[in-house]
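What follows is a single structure, written as structure tokens, with notes after it.
The values are calculated or read from the model by the stated rules, or taken from the named source; none is laboratory data. Nothing here was measured: the structure is a model prediction, and the numbers come from that model. Reconstructed Cβ throughout: ideal geometry from the backbone, glycine too, with neighbour counts over all protein chains shown.
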């Protein structure tokens, strides 16, 4: 699916020293320089971001920022994992624009961040003689024993999005969720009922009410990230 390939900026290798808060990582580069890096994912990611973890950062110096780097990748065993939640939306937007995601390939127009009753969703897709489609994208990094799970921390916002999609489905729209698993080792996807039982409840309520749910895993290198293949939806026992 080359149409959905996202090229990465030049990355610098280092090791994580600490994560003082959800959005900040203190990293020692290979040169020995210590830097502060923005972590663009509010999830816990304790299985990935621990002291000593091999990480890759991009230099993004701007005067209006407190950090001059963005955390992009982390090495998990022999696997590179993307820990920038913004990547998921960027990948899906590229794939939708190229009409490369099969469930949505017939839609001609892409509207980003449509306003809905309680805020915004990620996309609204429209096309001639097609039912308008509301689409929400979620980034997933937690993979244990080849099972991808979302979320890795409770998310009231995520559950609210599912509720909104259920309502849109009842009103006659097409409603969909796409989970982008930024971890290549995933073989099945499941809601993380242990961490967030309410989200899991809303997940299955959405399925039972006709909301379409898709999950895709990624190919990840230090040069680019791309959507690879679909992953089946399962249920944790």
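Suppose the filter is outside the structural domain of residue 77 (by TED's automatic domain parsing), surrounded by fewer than 17 Cβ atoms within 10 Å (Cβ to Cβ) and at positive phi; does residue 163 pass it?
Considered against the rule, which asks whether it is outside the structural domain of residue 77 (by TED's automatic domain parsing), surrounded by fewer than 17 Cβ atoms within 10 Å (Cβ to Cβ) and at positive phi, residue 163 comes out as no.
In the list 68, 78, which residue meets the criterion of being farther than 27 Å from residue 156 by Cβ and exposed (fewer than 13 other Cβ atoms within 10 Å of the Cβ)?
78
Looking at 96, 110, 135, can you tell me which residue is part of a helix (DSSP H, G or I), in contact with a strand residue (DSSP E or B) (Cβ under 8 Å, 6 or more places away or on another chain) and in the same structural domain as residue 217 (by TED's automatic domain parsing)?
None of the other options fit; the residue is 96.
For segment 113-132, give me the residue count where each residue is within 30 Å of residue 195 (Cα to Cα) and either modelled with pLDDT of 95 or more or in a loop (DSSP other than H, G, I, E, B) (or both).
The total comes to 8.
Matching residues to (1) in the same structural domain as residue 166 (by TED's automatic domain parsing); (2) in a strand (DSSP E or B); (3) touching a strand residue (DSSP E or B) at 6+ places or on another chain (Cβ under 8 Å):
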position: 62; (1), (2), (3): no, no, no
position: 71; (1), (2), (3): no, yes, yes
position: 143; (1), (2), (3): yes, yes, yes
position: 148; (1), (2), (3): yes, yes, yes
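At least 2 residues that are touching a helix residue (DSSP H, G or I) at 6+ places or on another chain (Cβ under 8 Å) and closer than 24 Å to residue 93 by Cα in each: list the strands (runs of 3 or more DSSP E) lying fully within segment 153-237 that qualify.
Because the criterion is at least 2 residues that are touching a helix residue (DSSP H, G or I) at 6+ places or on another chain (Cβ under 8 Å) and closer than 24 Å to residue 93 by Cα, the strands (runs of 3 or more DSSP E) in segment 153-237 that meet it are 174-181, 212-220, 224-230.
This table checks each residue for (1) at positive phi; (2) within 21 Å of the chain's Cα centre (by Cα); (3) outside any loop (DSSP other than H, G, I, E, B).
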{"site": "19", "(1), (2), (3)": "no, yes, yes"}
{"site": "25", "(1), (2), (3)": "no, yes, yes"}
{"site": "32", "(1), (2), (3)": "yes, no, no"}
{"site": "36", "(1), (2), (3)": "no, no, yes"}
{"site": "51", "(1), (2), (3)": "no, no, no"}
{"site": "56", "(1), (2), (3)": "no, yes, yes"}
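As an exercise: evaluate residue 175 against (1) within 24 Å of residue 73 (Cβ to Cβ); (2) at pLDDT 95 or above; (3) surrounded by 17 or more Cβ atoms within 10 Å (Cβ to Cβ) and give the number of the one condition it does not meet.
Every listed condition holds for residue 175 apart from (1).
Determine whether residue 40 is at negative phi, in a loop (DSSP other than H, G, I, E, B), assigned by TED's automatic domain parsing to the domain that holds residue 30 and in contact (Cβ under 8 Å) with a residue 40 or more places away in the chain.
yes
Is it the case that residue 138 is surrounded by fewer than 17 Cβ atoms within 10 Å (Cβ to Cβ), modelled with pLDDT of 95 or more and closer than 20 Å to residue 41 by Cβ?
no
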